[in-house]
Structures are given as C-alpha cells and as structure tokens.
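See structure below.
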Amino acid sequence: MNNDVSQNLVVFRLKGFDEPVLASAPTQAEDAVEQAWASIRQQHKVRASAVAAVYSEWQPSAADQKFMAKNFRKAECTYSFARPAPGEWERAFAEARSVIAETHESRQAEEVLPVLWSTSSPRAGLLDTLPHQPLVPGRLSVALAVVSRTPQGNIGMHHITRHQHEEMGTPPLEDLFGVGYQSLTRGLEFEVHRSGQDVLVSVARQNLMAASALALPDLYPQLSQHFGAGNLIVGLPCPDEMYVAGEESGLAPTIREQVLGSPYETTELVPSVLRLGPGGLELLAERDH
C-alpha cells in the first residue's frame with residue numbers, strides 16, 4: 001500500500017511482462033487511472049489491448065470507470081478503498097491511514113515459521129501443494145508458513161505454497177527452511193523441571209509454534225545437555241507445546257497419556273508421541289481423531 005494517501009497507486013498487469021508495472025496520480029482526480037495509464041503507455045510503449053488487469057488503490061471515479069470499460073474491455077479491475085462522496089475526502093483519508101498503519105504493524109509482526117504436518121491429518125491433502133521435508137517418512141513432515149498476530153489478537157497463518165516458492169525464484173529449500181528455523185529459535189525457551197531422578201523439559205515460545213522445534217536440526221544435542229545420552233520421549237499435545245523426558249523416566253507414561261488425551265482440535269498436526277535419539281525420530285503413537 002502507498003503511505004501517501006493523496007496519491008493513488010495504480011498497478012497494471014500487462015501481457016508479455018513478467019512483473020506488474022505501476023504509476024500514480026492524484027487520488028482525488030476524476031481521471032486518476034487515465035493519468036496513470038498515460039504515464040505507463042509513454043514509458044513502456046504499450047497498447048491498451050495489452051492490459052490484462054488493473055488494480056487501483058482507490059475506487060475509480062465514474063469517468064475512469066467509463067474510460068476503463070472503453071479501453072480495457074477484458075481486464076479485471078480491483079481496488080482497496082471506496083471512493084467517498086464529495087466533501088468526505090478527509091474522513092476517507094483518515095480511515096485509509098488507519099488501515100495502512102494496521103497493515104504495516106501486522107507485517108512487522110510476521111514470521112516465517114516451520115509447521116508440523118501429520119500425514120493422518122484431515123488436512124494432509126494440502127501438503128502436496130507445499131514445499132516440505134520429511135521428519136518421519138510417510139508419517140510426519142515439516143512445511144513453512146507466514147505467521148502473525150492479527151490486530152484482534154488472533155493468529156493468522158498463510159502456508160507457503162510451491163507456486164509462491166517459484167515466485168521467490170525457487171531458492172534452495174535448505175535456505176528457506178533455515179530462515180524458518182532461525183525465526184523459530186527467537187523466543188524459544190527450554191524450561192527444566194526435576195523431580196527426584198526424573199527430568200522433564202517443556203519447550204515454550206511466546207509467539208507460539210513451540211512444537212515445531214521438533215524439526216530443528218540440533219534439537220537432540222540441545223536436549224541431551226539436560227538428559228545425557230540415550231533416547232528421549234517427546235510429546236506434542238498441540239502445535240504450541242512440547243514436553244520431553246527420558247525414555248526410561250517415570251514421566252514418559254504421563255507424557256503419553258496427556259498427549260493421547262489432548263483436547264486440541266486437529267489441524268495440520270495430530271497430537272503425537274515420538275522417540276528422539278541419536279539416530280533420528282520415530283513416531284510411536286498418535287491421538288485418535
């Protein structure tokens with residue numbers, strides 16, 4: 001979005017061009033779209049028949065709508081902000097600035113994070129459309145999503161698709177997942193609880209998705225600092241919680257019981273119990289769903 005609400009940003013998608021082209025004109029002008037098109041036509045030497053789609057931040061005026069109907073007959077036309085009645089521009093500008101500010105804050109809070117996917121999840125069919133890597137082949141995978149808190153305090157998640165990966169220029173998946181893992185580790189906390197000889201580690205993260213730590217390449221060495229050598233039992237009752245105990249610990253059955261009785265509503269991840277060791281991961285059990 002354009003931060004200067006007095007200028008209307010107009011974007012044209014042109015046949016034969018890999019990227020959209022854009023120009024601006026005074027927002028209140030009755031011919032703002034026509035002005036923007038004149039600039040694009042002069043700059044790129046293109047005809048109106050090349051226009052496949054037009055996006056105008058502000059709703060085109062009646063005059064501009066007539067102009068587009070005549071010149072861009074087959075083009076899809078969209079906009080973000082409704083054009084106000086005469087004398088209402090200051091109010092409309094104030095509302096637009098508020099929306100732009102909220103959008104900016106939301107984008108600042110966005111993170112690319114790894115997301116765990118159970119192949120038994122009802123949503124697992126979507127996984128074929130996402131770049132992903134196996135954690136337990138045929139049972140559990142990890143993909144990526146852009147995660148943020150909405151202005152209302154809810155969690156917004158947009159999965160990164162194969163198409164979006166191609167639009168990024170198809171960077172190596174190792175690099176892309178590296179970005180996700182780096183984001184995840186920010187704010188990740190390992191809380192150690194001891195009861196006699198038993199040790200329980202709970203993994204938490206202020207911005208959620210703590211269970212995705214299962215995909216971190218160095219997770220076992222990190223946890224081994226608290227348990228020593230040997231296999232570990234990892235419980236994932238939901239995407240935001242992880243509990244770890246030694247396989248021979250008296251706490252292992254408790255973790256299993258809590259996971260299999262989890263009230264969490266299944267989404268991408270089915271609550272799971274896994275064995276983590278020097279040789280990797282093994283899925284031991286999943287909650288019925």
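Couple of notes before you dig in:
- Exclusive hit being of a type in the set (A, V, I, L, M, F, W, C) and in a loop (DSSP other than H, G, I, E, B), set Leu223, Leu208: Leu208
- Of all residues making up segment 237-286, the number that are open to solvent by 20 Å² or more (accessible area, probe 1.4 Å), more than 14 Å from Leu214 (Cα to Cα) and part of a strand (DSSP E or B): 2
- Taking each residue of segment 261-289 that is without any contact (Cβ under 8 Å) to a residue 60 or more places away in the chain and within 16 Å of Thr119 (Cα to Cα) and looking for partners that are open to solvent by less than 20 Å² (accessible area, probe 1.4 Å) and part of a loop (DSSP other than H, G, I, E, B) with beta-carbon atoms closer than 8 Å, six or more apart or interchain, yields Pro271/Ser262; Arg287/Ser262; Arg287/Val270; Arg287/Pro271.
- Scanning segment 223-236 for residues that are without any contact (Cβ under 8 Å) to a residue 40 or more places away in the chain and crowded, with 18+ Cβ neighbours inside 10 Å, we see that the one that is nearest to Glu268 (Cα to Cα) is Gly235.
- Applying the criterion of at least 1 residues that are hydroxyl-bearing (Ser, Thr, Tyr) to the strands (runs of 3 or more DSSP E) found wholly in segment 1-88 leaves 21-26, 51-58, 76-81.
- Taking segment 201-222 as the range and being surrounded by fewer than 12 Cβ atoms within 10 Å (Cβ to Cβ) and either closer than 20 Å to Ile255 by Cβ or touching a residue at least 24 places away in the same chain (Cβ under 8 Å) (or both) as the test, only Pro217 passes.
- Single unsatisfied condition, Pro171 versus (1) more than 23 Å from Leu269 (Cβ to Cβ); (2) open to solvent by 70 Å² or more (accessible area, probe 1.4 Å); (3) modelled with pLDDT under 90: (2)
- Residue within segment 182-200 that is part of a helix (DSSP H, G or I), touching a residue at least 24 places away in the same chain (Cβ under 8 Å), within 30 Å of Glu19 (Cβ to Cβ) and touching a strand residue (DSSP E or B) at 6+ places or on another chain (Cβ under 7 Å) present: yes
- Those residues of segment 1-57 which are in contact with a Pro (Cβ under 6 Å, 6 or more places away or on another chain) and open to solvent by 70 Å² or more (accessible area, probe 1.4 Å), in sequence order: Arg13
The values are calculated or read from the model by the stated rules, or taken from the named source; none is laboratory data. Quick caveat: nothing in here was measured; it's all calculated off a predicted structure. Quick reminder, even Gly has a Cβ in these numbers, built from the backbone with ideal geometry, and neighbours come from all protein chains shown. In case anyone asks, the SASA skips ligands and DNA or RNA and just uses the protein heavy atoms, side chains included. Shrake-Rupley method; radii C 1.70, N 1.55, O 1.52, S 1.80 Å.
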